[in-house]
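Heads up, the thing below is written out as structure tokens.
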Amino acid sequence: MVAVSAVTALLVGGGAGYGGMWLARSTGPGAPVATGGAPTALPAPAGASSTRPTPARAPGGPAGAPSDVSQVAEAVLPSTVTIAFRNAGRTGTGSGFVIDGPGGLLITNNHVVEPASGGGELQVQLPSGERVPAEIVGRSPSYDLAVIRVAQRDQLVPVQLGDSDSVRPGQPVVAVGAPLGLGGTVTSGIVSAVERPLSVGGGQSADDAVAYINGIQTDASINPGNSGGPLADAQGRIVGVNSAILTLGGSSSADRGGNIGLGFAIPINQVREISDQLVREGRATYPVIGASVSADADGVVRLASVQAGGPSAAAGLRSGDIVESVDGKAVNTATELIVRVRSHRPTEQVKLSIRGRGEVAVTLGSRVG
């Protein structure tokens, strides 16, 4: 078997093509990138209706018995939208889903709406096919999440949120979204792995506002344009936000292929917590340890530098300290360490196992991003 290089792509897209990728890092053989696109006009989802939809209802029999994909699609499609942005000639599409019908609130990825944050236009295509303007309520680059609001609320059907902590490898999942602008697209697969650390956007500081994802890995087919769309379990409950794929290719967007069965979603439990903060405050905070991190090819993770007066310094840590685990979980890359840290909230404690020194408790600081 021959090893092939790979990269990870964030899933903004549209029309017949996409571009504007940027490199980032993962703990696998490749590095995540983001994609923007020049979409064609957004097509209405198949079977769209102008009547007000009924509330989404989780499929399945007694005790949450698994249902077929069509039943999951029936539950999730009325809550899933296509999102388009336009700003200074830059255009693209992504996906999103309703979390609060009366409030007009929807969840998506930050990288879907960020291009419209500086005075651009943001538009949502509802399941009925109607296009309505949207505004950004809050966004977080560090968690790659955003909440947007629309005024047209009589058609909004909120999803049912699941529990991502209960997700297990091998269980069936369904992805819904607008790959390449094709709204209302449904694909299915299984959970391939959980707690898969990824970073998007580059950078190697534990404190940088880069998107770090402790991803749910799935082989459900997702592609550019699926970003921000829901990943549902067999009962139609949302367990993740589709955000990135690992894809074959070279250093330019023209060399890269599409989905190869390696997709990643942000766990819904983290989404729930961060979106609540975005709705309340319009921004999110993430935890910091007050140190930059490096790792070598042998999987040795070091504190490259420690900020004077920061959380790590206050705990007695020094530049050059080797971190073997976080909260008892081994770390072999800088991304793994940062993802472990960001699974906490500011002011909480993490326990770092330092080679030759034992376990050290660090009280996390806070940064907005």
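No value in this document is a laboratory result; all are computed from the given coordinates. Only a predicted model underlies this, so the values are computations on that prediction, with no experimental measurement involved. Please note: Cβ atoms are built from the backbone with ideal geometry, for glycine as well, and neighbour counts cover all protein chains shown.
Just a few scattered comments:
- I322/Q171 FRET efficiency (R0 35 Å; Cβ-Cβ; nearest 0.05): 0.45
- With the highest mean first, a sort of the peptides 349-361, 299-311, 69-81 on other beta-carbon atoms found within 10 angstrom per residue produces 69-81, 299-311, 349-361.
- Dipole axis of region 69-150 (+1 Lys, Arg; -1 Asp, Glu on Cβ), positive-most option in S128, A75, T91: T91
- Relative contact order [Cα under 8 Å, 6+ residues apart], region 229-369, whole percent: 19
- Under-5 Å amide H pairs with I190, H placed in peptide plane, nonlocal only: V173, D219, A220
- Under a 5 Å amide H cut-off, with hydrogens placed 1.01 Å from N, T82 pairs with Q125 among residues at least 5 apart or on other chains.
- Cα-projected label distance for R357 with V279, points at 7 Å along beta-carbon direction, nm: 4.1
- Extending 7 Å from the Cα toward the beta-carbon at both R345 and R90 defines two label points whose distance is 3.2 nm.
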